[in-house]
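Data block below; observations after.
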Amino acid sequence: MVSWPIDPSTVLSWSDIELRLATPADALELFEALDHDVCWTHVRGRPESEDDVVQVIIDATRMGRWMWVVRKAGIVVGMTSFFEVVPADERLEIGFTVYRPDVWATDVNPACKLLLMEWAFDHGFGRVQYKTDIRNERSQAAIARLGATREGVLRRYQRRQDASMRDSVVFSVVVDEWPQVQQGLLERLASTPHAQA
């Protein structure tokens, strides 16, 4: 039985990495952390100001996207989300993930994905999916390293920041695979460099 929605006071943590649901009070820190062109190469909707981020948080909430603020040692280093949540079918997607460039290839992403998938599978979900731009080879490799299975490509699926149309690569982890994926993430985190906040 799926337990949904999330208690807004939920805090997910691993070592010095913490996820909390975003509020407008997080806007300035998020804007400052993600104000890098490279962060938005494959993600549409780059905010141009703190006020833009406030609007992103408000709009995400209205559209049923559960946006998490990611902190490392108390410093905001990114954001990620639950969305396309369908409790009746026991599935959700993790995405809209953007991190500060200096935490790429560190413990931040595997820890966030471990925490989010643990929450999903512990609360009755049977499928967690991910989508990424077919041009974003770094993201595809990162998702595959999580232990997710590549399922295929959705052609001409959505518009990029530059208004071109992208194909999206779909990956998933299902509940029967989760114990093995979870163990792999725990082993990986034991040997992954820690980001400096």
Checklist outcome for this item: Plugging the Cβ-Cβ distance of Ala105 and Thr41 into 1/(1 + (r/R0)^6) at R0 = 22 Å yields, to the nearest 0.05, a FRET efficiency of 0.85
Next on the checklist: Per 0.36 nm of contour for each residue apart, how much would the distance between Ala88 and Thr10 grow if the chain were fully extended, relative to their Cα-Cα spacing?
Outcome noted: 25.9 nm
Item to check | Gain upon complete extension [Glu151, Ile134; 0.36 nm per residue less C-alpha separation] | outcome: 4.8 nm
Checklist entry - Quick one: Debye curve from the C-alpha atoms of the stretch 52-116, no solvent, what's log10 I(q)/I(0) at q = 0.13, 0.21, 0.23 Å⁻¹? => result -0.39, -0.91, -1.02
Item to check | Helix-only CD estimate at 222 nm, as mean residue ellipticity for the chain, using -39500 (n - 2.57) per DSSP H run (n ≥ 4) | outcome: -9500 deg cm²/dmol
Item to check | 16 Å reach of a label modelled at His194, 7 Å along Cα-to-Cβ, counting backbone N of the stretch 66-110 | outcome: 71-75, 103, 106-110
Checklist entry - Can you tell me the Rg and Dmax of the chain, counting just the alpha carbons, in angstroms? => result 15.8, 43
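We did not get these values from a lab; they are worked out from the coordinates using the rules stated. Note that the coordinates shown come from a computational prediction; the quantities given were computed from them, not determined experimentally. Cβ sites come from the backbone with ideal geometry, for glycine too, and all protein chains shown count toward neighbours.
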